[in-house]
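The values are calculated or read from the model by the stated rules, or taken from the named source; none is laboratory data. Model, not experiment: these values are computed from the prediction. FYI the Cβ positions are ideal-geometry reconstructions off the backbone, even for glycines, and counts take in every protein chain you see.
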Amino acid sequence: MQRRITAVTALAATAVLALSGCAGGGDAGGGDGAPIKLGSVNTLSGAATFPEASAAAQAVFDRVNADGGINGHMIEYTTVDDKGDPASATAAARQLVGSDEVVALVGGASLIECEINQKYYEQESVLSMPGIGVDTGCFNSPNIAPTNVGPFNDMTLTLLNGSENLGLDNICVLLEIAGSTKPSYLAGVEKWTEITGDEPLLVDDSLPYGGSDYTPYIVKAKNAGCKAIAVNGIEPDAIGQVKAAQAQGWDDVTFLFLTSVYSENFASALDWTGKGVHVPAEFYPFTEDNEINADWKSLMEENDIALTSFSQGGYLAATNLVTVLSGMDGDITRETVSEALHSMEPIESPMVAFPYQFDEIAAQEFTPGGWPVVLESGTRAWKKSSDDWLIPAS
């Protein structure tokens, strides 16, 4: 099969926060200055945590409130920790949707909650805009539309970055599986095979979350003749995997990781990265100091929130929803917010490779893209390894 990768530039202005007086006429939140209630379910404790997304969303809403709210109505934003536990995720959603009566869910990031709660959200006719979609349920429900491409599309992009941009062969895939995510990750690998005609030299789906020693898995991959390993590990696990390879003297290995490791903390933790750690960032590289990231970066720094792809996702989800809310006339209720999201015009931003339109994202009717970045040995700093977005040819 012919190999084709198309790079495109997202041409748009950053979505502008809507402040006091920007909304159309009519009352919001039920009138009489009633608050607009929003919430999110997040994994804030447990083996894998995602605190930056909801923190970034909170920062956006706090800024809107400080400037007078949306047509004078303050935003009340409630975040609930599901602890990575199904029972807690179930309870969290019912607290927000049933007891707190939020009009929408926005800006969260959870290891499991989409899959646990997607049917409940459909039953209650409430829409969810996660800052970072993680589990399978975030990408197969008409009521859920994350701002990110997701780990399964990310896996395809990671492999494409390795085989097409870097010209690597003998790529092996090592997977950490949470819940029922295995079929989706394997589908991401299969999509890469469909595009390129390549197949992984090895697939090992037995890597544990929070493993204390990844040496056996690294030794297995090295002995199998892998030139590169594509791994979906979260940040601390990926650090352990790189250090295990270093301990084995595997100097010619290339690491192909997902966006989950793209952080300053990860870079500062590793002086050695073999032939490099390569990632297709789901959002415009946050390590680039320019006008594309300027508003997000300054807001995160003001609120002492880590500069990561997770905080980019939470920021974008909140900003997109504020833009939609500001364009609404009349009361802001769960029903009217859902109508507005279903009928919204696409919102473009140079921070992401594709426009955000709720129904299109929920139906996965968009082309994902990532911006390749690399962490080279001895640098402790990420840099762009491409001048544009990496997008699979249709």
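So is T147 at pLDDT 95 or above, under 23 Å from the mean Cα position of the chain (by Cα) and in a loop (DSSP other than H, G, I, E, B) or not?
yes
To keep it simple, each residue is scored yes or no on (1) farther than 20 Å from A267 by Cα; (2) of a type in the set (G, A, S).
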site: T215; (1), (2): yes, no
site: V219; (1), (2): yes, no
site: N223; (1), (2): yes, no
site: C226; (1), (2): yes, no
site: V231; (1), (2): no, no
site: E235; (1), (2): no, no
site: A238; (1), (2): no, yes
site: Q241; (1), (2): no, no
site: A247; (1), (2): no, yes
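Do you know which residues across the stretch 300-346 are under 20 Å from G133 (Cβ atoms) and among the β-branched types (V, I, T)?
The answer is I305, T308, T319, V322, T323, V324, V337.
In this structure, does V231 turn out to be under 18 Å from the mean Cα position of the chain (by Cα) and among the β-branched types (V, I, T)?
In short, yes.
What's the number of the only condition in (1) in a loop (DSSP other than H, G, I, E, B); (2) within 22 Å of I132 (Cβ to Cβ); (3) out of contact with any Gly (no Cβ under 9 Å at 6 or more places or on another chain) that D289 fails to meet?
The single condition D289 does not satisfy is (2).
Which residue is surrounded by the most Cβ atoms within 10 Å (Cβ to Cβ), if the candidates are limited to the stretch 365-388 and must be touching a helix residue (DSSP H, G or I) at 6+ places or on another chain (Cβ under 6 Å) and in contact (Cβ under 8 Å) with a residue 60 or more places away in the chain?
Top of the filtered list is G370.
Go through the stretch 302-319 residue by residue and tally those that are surrounded by fewer than 24 Cβ atoms within 10 Å (Cβ to Cβ) and among the polar types (S, T, N, Q).
The total comes to 1.
Taking F358 as the residue in question, decide whether it is within 30 Å of G162 (Cα to Cα) and either surrounded by 18 or more Cβ atoms within 10 Å (Cβ to Cβ) or polar (S, T, N, Q) (or both).
No.
When only residues in the stretch 75-94 that are among the β-branched types (V, I, T) and in contact with a Phe, Trp or Tyr (Cβ under 9 Å, 6 or more places away or on another chain) count, which is surrounded by the fewest Cβ atoms within 10 Å (Cβ to Cβ)?
In this case the residue turns out to be T90.
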